[in-house]
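Remarks on the structure that follows.
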Amino acid sequence: MNLYVMYFLGNERQMREYLLQRHHLVLDKCSGKKVNNALEAAIEADDSHLTVMASDTANWNVMMGNSAQCFDELLTDQLSAASKHGEILMMLSQDVTGGLWFEYHKDGDLRRQWICIEGEVHANIGRPLNDIDAENFTDCVDIENMPSFATLTKLAETITGVCFNDLQTSGVIYQID
């Protein structure tokens, strides 16, 4: 699965500002295509599509897309800027590299980042967010017991209150020009 998921706490304003800054995408002016299963649509989408949806749980808004959209050296700075008035949790899974990556931003700062590619930890910045983070996302990973995307979604669920399986609901896909 090649997928990234971003959770934005608060109103949709942060997500819209991020989309405008990063992708020059103004949701109000773009026509979107409604889909019945946002998670499935995001997994199957090519690099030019984003799935955007709101969650009724804990006031988090969710954006998903193909993981290729995340490989930009400015991503971390843009997420920090977009988090000036709230929280952002970004997580990524990529099959090709066996990569797992997550970042947590709050009040304009990167608070936590963990990146593992091909079994090697490339970044472990900040204090663990909770027990799941402390137990699984460390400097050393045992290739046999390496954290999985399921572990990452469990971490996200404890932080956001949004159940990953609940993302299999209707949403809207927007194309990035």
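How large is ³J(HN,Hα), in whole Hz, for each residue of region 153-163 in order, when computed from phi with the Karplus curve 6.51 cos²θ - 1.76 cosθ + 1.60 and θ = phi - 60°, using x for Gly and Pro?
Whole-Hz 3J(HN,Hα) from phi for region 153-163: 5, 5, 4, 4, 5, 6, 7, 9, x, 8, 6.
Please get the size of the charge dipole for region 60-135, origin at its Cα centre, with Cβ charges of +1 on Lys and Arg and -1 on Asp and Glu, quoted in debye to the nearest 20. If you can, show how the numbers build up before the last one.
Numbers: 5 positive and 13 negative charges, 55 e Å.
Its charge dipole is roughly 260 debye.
At a 1.4 Å probe radius, which order do S31, S80 fall into by accessible area, largest first? Provide the component values of the computation, followed by the final result.
Working: S31 105, S80 15 Å².
Reading off the accessible areas and sorting them downward yields S31, S80.
The values are calculated or read from the model by the stated rules, or taken from the named source; none is laboratory data. Everything numeric here is computed off the predicted structure, so don't read it as measured data. A quick note on method: Cβ atoms are made from the backbone with ideal geometry, for glycine too, and the neighbour counts reach across all protein chains shown. Note: areas computed on protein heavy atoms with side chains; ligands, DNA, RNA excluded. Shrake-Rupley method; radii C 1.70, N 1.55, O 1.52, S 1.80 Å.
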